[in-house]
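Take a look at the structure below.
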Amino acid sequence: MYAQMVKSEATNEDPAKLAAFQARIDAGEKIEPKEWMPEGYRKTLIRQIGQHAHSEIVGQLPEGNWITRAPTLERKAILLAKVQDEAGHGLYLYCAAETLGVSRDELTEALLSGKMKYSSIFNYPTLNWADIGAVGWLVDGAAIMNQVPLQRTSFGPYSRAMIRICKEESFHQRQGYDIMMKMAKGTPEQKAMAQDALNRFWYPSLMMFGPSDKDSVHSAQSMAWKIKINTNDELRQKFVDQTVPQAEYLGLTIPDPDLRWNEEKGGYDFSEPDWSEFFEVIKGNGPCNAERMEARQKAWDDGAWFREGLMAHARKRSAAKVAAE
Ligand code: FAQ
């Protein structure tokens, strides 16, 4: 539906302007907020950046849940810093989206009303400490795989936000892998917990890259505009190829009996996730969707007095400025 909307809007736009815009994209130029852009480009960016921002914020919930229960003071401090980083990422991304003419309040309202999505992965529960290792290793690992190419995305503010975010994400991935190393090389019970976490997070992590290319609605147009640099399947393949040796080093088994190295393609063959589960999760029917949305709604409601206070203060200051002039 959205793809149709993009197409019909595009037909009302000046073909010469559209061609000049595409030529700039093809030449690798960055597009900046005040420059002319097709309406479809603007809307696609708001959708993707907004969804990405929401993911960073909702993504704090599964890990935030473990800050008070981290096994050592050091692990607690590290996890706290990581979760704070995710809040920062959300803020850079909301700011990048705001340059396209949408307010943060509008984006939050669209999330809370279910009009906008956030990453499917954050609808799975974190049941024990090994899950925090798996989230860092696999979820941040998948996030980096997707975000490194986005540093070259065509929209300037998004690209610049990605450069900073990627630096922080690589620390996140290492802290997750470090937790997994300790668990996998620990007691047999700890190793079993690590394996169990890998079993539960493997396929949801593969889903993070989006549906397979044949079902991806937006990829073709987004790639033509260099909003996306790679297809969903390309990035999923790279993630599998990178992660399998890491699992081997840990002495853990990827829960896929059909996983095989394919010499000819120079990558692993692997089983696709259960796509019906993915589509249910993004429709709102995953294990934790309701709980995540309740938490975001509560935070929004509890913060109303603070937002109103800030606005009242801003109004007072501008009235005082006008009076002084
Ligand atoms: N979850 O046509 P496509 C993080 C939707 S990283 C939910 O292929 P597109 C860091 C898609 O929106 C995670 N929905 O879509 C962190 C569309 O529906 P719509 C966030 C998904 O946009 C780590 C429909 O399916 N990263 O949070 C998902 O071309 C640890 C058709 O799909 C980003 O957002 C999904 N996984 O490609 C934080 C990266 N996949 O909108 C805390 C930027 C697809 O028409 C702790 N985004 N859908 O209703 C992207 O690269 C792209 O948007 C994709 C999807 C690749 C996610």
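The values are calculated or read from the model by the stated rules, or taken from the named source; none is laboratory data. Computed from a predicted model, the values in this text were never measured in an experiment. A quick note on method: Cβ atoms are made from the backbone with ideal geometry, for glycine too, and the neighbour counts reach across all protein chains shown.
Of all the listed residues (E272, E234, E248), the sole one being outside any loop (DSSP other than H, G, I, E, B), of a type outside the set (F, W, Y) and within 16 Å of the ligand (Cβ to nearest atom) is E234. Starting from residues that are of a type in the set (A, V, I, L, M), in contact with a Phe, Trp or Tyr (Cβ under 6 Å, 6 or more places away or on another chain) and near the ligand (Cβ under 9 Å from one of its atoms), keep the ones in segment 32-58 and report whichever is nearest to A20 (Cα to Cα). Restricting to residues being of a type in the set (A, V, I, L, M), in contact with a Phe, Trp or Tyr (Cβ under 6 Å, 6 or more places away or on another chain) and near the ligand (Cβ under 9 Å from one of its atoms), the top hit is I49. For segment 167-190, state whether one or more residues are touching a Ser or Thr at 6+ places or on another chain (Cβ under 9 Å) and of a type outside the set (F, W, Y). Within segment 167-190, not a single residue is touching a Ser or Thr at 6+ places or on another chain (Cβ under 9 Å) and of a type outside the set (F, W, Y). In segment 200-227, the residues that are under 16 Å from N146 (Cα atoms) and within 7 Å of the ligand (Cβ to nearest atom) reach residues that are at pLDDT below 95 and of a type in the set (A, V, I, L, M) with C-beta atoms within less than 9 angstrom, at least six apart or across chains, in these pairs: H218/A3; H218/V6. In the set A19, A10, only one residue is more than 16 Å from the ligand (Cβ to nearest atom), over 29 Å from P287 (Cβ atoms) and modelled with pLDDT of 95 or more; that residue is A19. When every residue of segment 167-182 is checked against the conditions, none turns out to be within 14 Å of the ligand (Cβ to nearest atom), in contact with a strand residue (DSSP E or B) (Cβ under 8 Å, 6 or more places away or on another chain) and either among the hydroxyl-bearing types (S, T, Y) or assigned to a helix (DSSP H, G or I) (or both). Within the option set L61, L93, L127, L73, being out of contact with any Cys (no Cβ under 6 Å at 6 or more places or on another chain), under 28 Å from Q190 (Cα atoms) and within 11 Å of the ligand (Cβ to nearest atom) holds for one residue only, L61. Out of L80, L107, L112, one residue alone is without any contact (Cβ under 8 Å) to a residue 24 or more places away in the chain and more than 10 Å from the ligand (Cβ to nearest atom). It is L80.
The residues of segment 131-147 that are more than 8 Å from the ligand (Cβ to nearest atom) and either within 14 Å of R236 (Cβ to Cβ) or not β-branched (V, I, T) (or both), listed by number, are D131, G133, A134, W137, L138, G141, I144, M145.
When the residues of segment 144-166 are filtered to those that are of a type in the set (A, V, I, L, M) and either outside any helix (DSSP H, G or I) or touching a Cys at 6+ places or on another chain (Cβ under 9 Å) (or both), which remaining residue is farthest from M208 (Cα to Cα)? Once the filter is applied, the top-ranked residue is A161. Tallying residues that are surrounded by fewer than 11 Cβ atoms within 10 Å (Cβ to Cβ) and within 19 Å of W202 (Cα to Cα) within segment 274-314 yields 1.
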